[in-house]
Amino acid sequence: MTAQLNVTIDGWNDGEEIPGRFAFGVQAAEGHVALSTNINPKISWSGAPEGTKSLALICHDPDVPSVGDDVNQEGKTVPADLPRVDFYHWVVVDIDPSISAIEEGDDSSEIVAKGKTPGPQAYGITGVNNYTDWFAGDADMGGTYGGYDGPCPPWNDSIVHHYHFTVYALDVETLGLSGNFGGPEALAAMEGHVLAKDSFVGTYSLNPAVKA
């Protein structure tokens with residue numbers, strides 16, 4: 001019988017709300033958003049099929065507004081029917097098949113202004129996430145954001161955001177990626193090499209009017 005790749009995360013049930021400690025931002029007592037602890041959750045996997053030579057992990061949010069005109073603007077709401085795009089929160093490639101988990105806090109245990117350096121880690125090679133683009137030009141926060149940085153959707157978005165943590169079993173030892181690669185580059189390099197994949201989903205909202 002062929003093994004079935006299975007991904008689990010400690011901290012919430014599949015499809016349910018992500019606790020604030022795993023987020024970049026939380027609802028603030030005053031104002032809209034406060035910075036959070038930004039801890040990566042423990043993610044585990046099992047059942048990689050025979051022939052797996054490496055694994056990759058990607059967390060993405062497909063619910064990000066495609067146009068930022070109304071984002072985080074007082075007196076405005078990001079409409080539900082606005083087209084949405086992907087925002088990558090975590091990209092790790094070239095994970096050795098002997099590794100079956102990334103422990104809580106191993107990749108991120110706080111918010112690092114200007115970002116963490118991507119590259120080789122004990123559990124694989126981290127790429128950059130889209131906070132690199134979000135904070136571009138910001139004097140205090142602008143930089144290269146490697147590894148995990150958690151949810152912080154617009155506080156005035158009318159929809160709940162969904163965060164897909166997907167692990168891929170691959171038939172190659174390396175995807176040959178280095179430097180500031182992101183989710184799209186990792187996915188392109190994986191094409192034709194995926195033996196199996198599985199996802200674990202969490203939801204998140206910073207809009208008090210929206211139930212996550």
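Can you confirm whether Y88 is part of a loop (DSSP other than H, G, I, E, B), within 15 Å of the chain's Cα centre (by Cα), closer than 26 Å to T8 by Cα and not aliphatic (A, V, I, L, M)? No; evaluated as a whole, the condition is false for this residue.
For F181, are the conditions met, namely being in contact with a strand residue (DSSP E or B) (Cβ under 6 Å, 6 or more places away or on another chain) and of a type in the set (F, W, Y)? So F181 does not fit the description; no. Does S100 qualify as being closer than 17 Å to G25 by Cα and either of a type in the set (K, R) or touching a Phe, Trp or Tyr at 6+ places or on another chain (Cβ under 8 Å) (or both)? So S100 fails the test. Return the residues of the stretch 48-72 that are exposed (fewer than 15 other Cβ atoms within 10 Å of the Cβ) and either in contact with a Ser or Thr (Cβ under 9 Å, 6 or more places away or on another chain) or not in a loop (DSSP other than H, G, I, E, B) (or both); say none if nothing qualifies. Listed by number, the residues that qualify are P49, E50, P62. Taking into account only those residues within the stretch 153-178 that are in a loop (DSSP other than H, G, I, E, B) and either among the aromatic types (F, W, Y) or free of Cβ contacts under 8 Å to residues at least 60 places away in the same chain (or both), which is surrounded by the fewest Cβ atoms within 10 Å (Cβ to Cβ)? Applying the filter and picking the extreme gives G176. Assessment of the stretch 179-197 against the conditions (modelled with pLDDT under 95, surrounded by fewer than 20 Cβ atoms within 10 Å (Cβ to Cβ) and assigned to a loop (DSSP other than H, G, I, E, B)) yields at least one matching residue. Quick check on my filter: what residues within the stretch 100-152 are of a type in the set (A, V, I, L, M, F, W, C), buried (at least 16 other Cβ atoms within 10 Å of the Cβ) and touching an Asp or Glu at 6+ places or on another chain (Cβ under 8 Å)? The answer is I111, I125.
Scanning the stretch 148-166 for residues that are polar (S, T, N, Q) and either modelled with pLDDT under 95 or over 18 Å from the mean Cα position of the chain (by Cα) (or both), we see that the one that is farthest from V7 (Cα to Cα) is N156.
Note on the stretch 129-152: residues that are touching a Ser or Thr at 6+ places or on another chain (Cβ under 6 Å) and free of Cβ contacts under 8 Å to residues at least 60 places away in the same chain amount to 4. Against the test of being assigned to a loop (DSSP other than H, G, I, E, B) and either polar (S, T, N, Q) or surrounded by 13 or more Cβ atoms within 10 Å (Cβ to Cβ) (or both), the options G31, G11, G75, G15 yield a single qualifying residue, G11.
Would you check which residues across the stretch 82-99 are surrounded by fewer than 21 Cβ atoms within 10 Å (Cβ to Cβ) and closer than 20 Å to P62 by Cα and list them? Listed by number, the residues that qualify are L82, P83, R84, V85, D86.
Which of (1) modelled with pLDDT under 95; (2) in contact with a Lys or Arg (Cβ under 9 Å, 6 or more places away or on another chain) is the odd one out, the single condition Y145 does not satisfy? The one condition Y145 does not meet is (1).
For the stretch 167-195, taking the residues that are aliphatic (A, V, I, L, M) and in contact with a Gly (Cβ under 9 Å, 6 or more places away or on another chain), the one that is farthest from L5 (Cα to Cα) is identified as L177.
The values are calculated or read from the model by the stated rules, or taken from the named source; none is laboratory data. Quick caveat, the model's predicted, so the values are computed rather than measured. Note: ideal-geometry Cβ built from the backbone for every residue, glycine included; neighbour counts use all protein chains shown.
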